[in-house]
Amino acid sequence: MTKKQKKMVIRLTASALLLAGGIGTEGRWSLDWLLFLLSYLAAGYDIPLKAARNISKGQVFDENFLMTAATFGAIAVGALEEAVAVMLFYQLGELFNDYAVGKSRQSIAALMDINPEYANLLRDGKEEQVDPYEVEVDDLILIKPGEKVPLDGVVTKGSSSLDTKALTGETMPADVKEGDAVVSGSINLTGVLEVRVSRLFDDSTVAKILELVENASSRKAKAENFITRFARVYTPIVVILAVILAVIPPLFLGNWGVWIYRACSFLVVSCPCALVISVPLSFFGGLGAASREGILLKGSNYLEAVAALDTVVFDKTGTLTTGKFQVTEVCPAEVPEGGDRRQAEHELLRMAACAESRSNHPIAVSVREALGEEIDPAFVGEMQETAGKGVRTSVLQGGRWTSVCVGSERLMEELGITGIKAPQRTGTTLFAARDGRYLGYLVISDTIRQDTKKAVAELRKAGVRRMVMLTGDREETGKAVAEEVGLDESYGGLLPGDKVAKVEELLETKREGMTLGFVGDGINDAPVLSRADVGIAMGGIGSDAAVEAADMVIMTDEPSKIADAIAIARKTVGIVRQNIVFAIGVKLLVLILAAAGYASMWAAVFGDVGVSVLAILNAMRALRYGKHPEKDRI
């Protein structure tokens, strides 16, 4: 609880005690009115001052003006007790609101804590503490245990564990060693790390996250915009109606005090606090709950869009798959009778790794990694590469040099290699031959993310009707991945412009009132991320362009987080609708009863403050996603 909130608790406690004293001595002490007056001042002396200050700025019809007019009117007709109660409960409702906003800000404030205050720059072997903005690309920085990682970079020396919870929502520390990338905003837990900076601070992960969070509140949802417009029109109308109620009937019926009392009750219940406070608070809570799960939304309007997701379109490489090639099949042409198949597979893999030993192509790297052994350059001759077909080299084996070629089926045909068999799996196929004799083939595939099948299943459960994959890879490869993970459709061989055109086709076929989301990670995905109703980027591995173009960023790179985002969004939008219906319904009922004389100012207090408190408490539920996930899933 903040100092401001503690002071308000003391004020309201004093006001309640004075009010109780006034009620206890009412009619038995001539100065009982003094206790009511002191109680009023303790609870709300600042409200008339705020109203006067706002009127001087041209802001007349706000809740401060309504409370001041209503309570002053009640005092004028002798309803001191009701006037004090109105102010006391109104301020109690404001205290609840401040507390609720504070709670909802905590998760986002935790993100603000990731902002590093300094960096330990290494210059000429000496350590110097500088502002992160002063560090340049390729500078070396030192990160000690307990310090925040100030900039993105690559570890050049040391190993440690990093706390990435503020970035990804994951509680398990991430281990890093020499050669691994580190992102700014995480906290170094154990060892000392020497890191070579790869991005300036303005372009770093932490800077982009903070920018997303700071700008999120500027994009209002339709419901928020409606409430803002509603309050601007509604407040002057109810003030005019209250004046009419206080003046016109008594001109014909008399009893000015009765009608002024009714007008004051009318003003009290007419205050739109429940809507103006609870609706933005609900969306703010939803944004906070999402950020705790490692999901950053760039505005509350995207919460509404995510809640209505009907179609989800995926990029393949780096989104559904890891983007890292692996050898998924090793098929030797023949295994000697009674021989060891594993030995034959190892020999095929070793010959391919030797041929690819001088290449940095991802496919060549994957072959060498599959072998798991270092290739001695002395045993490999000069490499000849045929663009788009493969490589040829010589390998020293058994004391003599043998000719080895690895590449496409077309290369094998040109070299007159026969006996080639078609692969059983989908992927990039490397055929190998030694001294003109076919050895077998390797299949290299982009591996599917561990989280992908779970993501598809949970999106189905969440009611997503259609799931599509768009890829620049071959049609057959795309279809194989789509079938394996359970998608509805797949389209391959697409350029960035083709992806935009395909998404536009899908947008035309989506259901009325529903939205389409596109999930991607690369620079080439930026155009289609911008075109979709909801652009969803992978924040950890995604390019800067993709993150910039997206409306939602998944910091954990887990596609299943989309289902979490849908659940949070639907829960939030549901709470907003409940609050709108509840607040307007109760207020209309009490307004009619107050105007007809059937509702006292006590009922008006419930119609305003009571409804506000209930709406705020309901809005706070938006923060609680994850404590009972089975109840949150819709």
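The values are calculated or read from the model by the stated rules, or taken from the named source; none is laboratory data. All figures in this text were calculated on a predicted structure; none of them were measured in a lab. Here Cβ is always computed from backbone atoms with ideal geometry, including for glycine, and neighbour counts include all displayed protein chains.
Helices (runs of 4 or more DSSP H) fully within region 8-77 that include at least 2 residues being without any contact (Cβ under 8 Å) to a residue 24 or more places away in the chain and aliphatic (A, V, I, L, M): 32-44, 46-56. Going through (1) over 29 Å from residue 476 (Cβ atoms); (2) among the hydroxyl-bearing types (Ser, Thr, Tyr); (3) out of contact with any helix residue (DSSP H, G or I) (no Cβ under 8 Å at 6 or more places or on another chain) one by one, residue 408 falls short only on (1).
Are any residues in region 481-523 farther than 22 Å from residue 554 by Cβ, more than 24 Å from the chain's Cα centre (by Cα) and of a type in the set (Gly, Ala, Ser), and if so, which ones? 492, 493, 497, 501, listed by residue number. Among the conditions (1) more than 29 Å from residue 352 (Cβ to Cβ); (2) in contact with a helix residue (DSSP H, G or I) (Cβ under 8 Å, 6 or more places away or on another chain), the only one that residue 428 does not satisfy is (1). State whether the residues of region 496-506 include one that is under 29 Å from residue 203 (Cα atoms) and basic (Lys, Arg). Yes. Restricting to region 258-282, and then to whatever is closer than 15 Å to residue 615 by Cα and of a type in the set (Gly, Ala, Ser), can you tell me which residue is modelled with the highest pLDDT? Applying the filter and picking the extreme gives 282. Among the residues making up region 442-484, those that are among the small types (Gly, Ala, Ser), surrounded by fewer than 20 Cβ atoms within 10 Å (Cβ to Cβ) and in a helix (DSSP H, G or I) are 457, 480. Among the residues of region 300-318, are any over 20 Å from residue 398 (Cβ atoms), assigned by TED's automatic domain parsing to the domain that holds residue 465 and either of a type in the set (Lys, Arg) or in a loop (DSSP other than H, G, I, E, B) (or both)? Taking every residue of region 300-318 in turn, at least one turns out to be over 20 Å from residue 398 (Cβ atoms), assigned by TED's automatic domain parsing to the domain that holds residue 465 and either of a type in the set (Lys, Arg) or in a loop (DSSP other than H, G, I, E, B) (or both). So residue 432 passes all but one of these: (1) in contact with a strand residue (DSSP E or B) (Cβ under 9 Å, 6 or more places away or on another chain); (2) part of a helix (DSSP H, G or I). Which condition number does it fail? Result: residue 432 passes all but (2).
No other residue among 539, 535 is without any contact (Cβ under 8 Å) to a residue 40 or more places away in the chain and surrounded by 23 or more Cβ atoms within 10 Å (Cβ to Cβ) apart from 535.
A single entry from 413, 483, 504 fulfils the requirement of being of a type in the set (D, E, K, R), without any contact (Cβ under 8 Å) to a residue 40 or more places away in the chain and in contact with a helix residue (DSSP H, G or I) (Cβ under 8 Å, 6 or more places away or on another chain): 504. Just wondering, is there one or more residues in region 153-164 that are at pLDDT below 90 and of a type in the set (Lys, Arg)? No: zero hits. Checked against the criterion of being of a type in the set (A, V, I, L, M, F, W, C), farther than 23 Å from residue 447 by Cα and surrounded by fewer than 16 Cβ atoms within 10 Å (Cβ to Cβ), the candidates 378, 333 yield just one match: 378. Could you say whether any residue in region 512-531 is surrounded by fewer than 20 Cβ atoms within 10 Å (Cβ to Cβ), among the acidic types (Asp, Glu) and touching a helix residue (DSSP H, G or I) at 6+ places or on another chain (Cβ under 8 Å)? The answer is no, given that none of the residues of region 512-531 is surrounded by fewer than 20 Cβ atoms within 10 Å (Cβ to Cβ), among the acidic types (Asp, Glu) and touching a helix residue (DSSP H, G or I) at 6+ places or on another chain (Cβ under 8 Å). Of the numbered criteria (1) of a type outside the set (Asp, Glu); (2) within 34 Å of the chain's Cα centre (by Cα); (3) in the same structural domain as residue 329 (by TED's automatic domain parsing), the one residue 465 fails is (3). Residue count for region 336-359 under the criterion of being of a type in the set (Gly, Ala, Ser) and crowded, with 22+ Cβ neighbours inside 10 Å: the result is 3.
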